[in-house]
Amino acid sequence: MSITVYYSSVSGSREVKQHQGEIFGFLDSKKIKYFAVDISTSNDVKEQMRKKVGNPSAMPPQVFNGDKYCGDYQKFFDAVEDGKPEAFFKL
C-alpha cells in the first residue's frame, strides 16, 4: 500500500496550506513514503479526488492508503490528538 495526499500548491487559504504542511511534516518525520498529487494542475485531478472521497465539494488535503480513504485534515488531527496517527494512515 502507498499513501497518497491530494493537496493544492496554489491555495489562497492559509488554513489549507497549514493543514497540508502538518500532514506532510508528519509523514516526513516518520519517514513514511507518500505520493503528493497537486489538484491545482488539472480540474480532472480535483474531480478525481472528489469522486474518490465521495464528496463533490471536498477540499484538500485528502489522504488515501492505496484505494482506502483515510480522511481529511480533521480526521488526521483527531487521530494525532488520540495518539493514533498510524491508525489514520491505515499502516
Residue within the stretch 21-32 that is touching a residue at least 40 places away in the same chain (Cβ under 8 Å) and among the β-branched types (V, I, T) present: yes
Flag if E86 is out of contact with any Phe, Trp or Tyr (no Cβ under 7 Å at 6 or more places or on another chain), modelled with pLDDT of 95 or more, of a type outside the set (F, W, Y) and in a helix (DSSP H, G or I): no
Taking the stretch 1-30 and keeping residues within 20 Å of D67 (Cα to Cα) and open to solvent by 30 Å² or more (accessible area, probe 1.4 Å) leaves M1, S2, Y7, F24
Among the residues of the stretch 31-45, how many are surrounded by 12 or more Cβ atoms within 10 Å (Cβ to Cβ) and either over 20 Å from S9 (Cα atoms) or basic (K, R) (or both)? 1
Criterion (at pLDDT 95 or above, over 17 Å from Q18 (Cβ atoms) and not in a loop (DSSP other than H, G, I, E, B)) met by exactly one of D28, D44: D44
Hits in the stretch 46-91 (condition: surrounded by 15 or more Cβ atoms within 10 Å (Cβ to Cβ) and on the phi > 0 side of the Ramachandran plot): G71, K90
Go through the stretch 5-25 and count every residue that is polar (S, T, N, Q) and assigned to a helix (DSSP H, G or I). 2
Looking at the stretch 46-91 only, could you name the residues that are farther than 21 Å from E15 by Cβ, free of Cβ contacts under 8 Å to residues at least 40 places away in the same chain, touching a strand residue (DSSP E or B) at 6+ places or on another chain (Cβ under 8 Å) and among the charged types (D, E, K, R)? K52
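The values are calculated or read from the model by the stated rules, or taken from the named source; none is laboratory data. From a predicted model like this one, the values you see are computed outputs, not experimental measurements. Neighbour counts run over all protein chains shown; Cβ positions are idealised from the backbone, glycine included. These area figures cover heavy atoms from the full protein model, side chains too; ligands, DNA and RNA do not enter into them. Shrake-Rupley method; radii C 1.70, N 1.55, O 1.52, S 1.80 Å.
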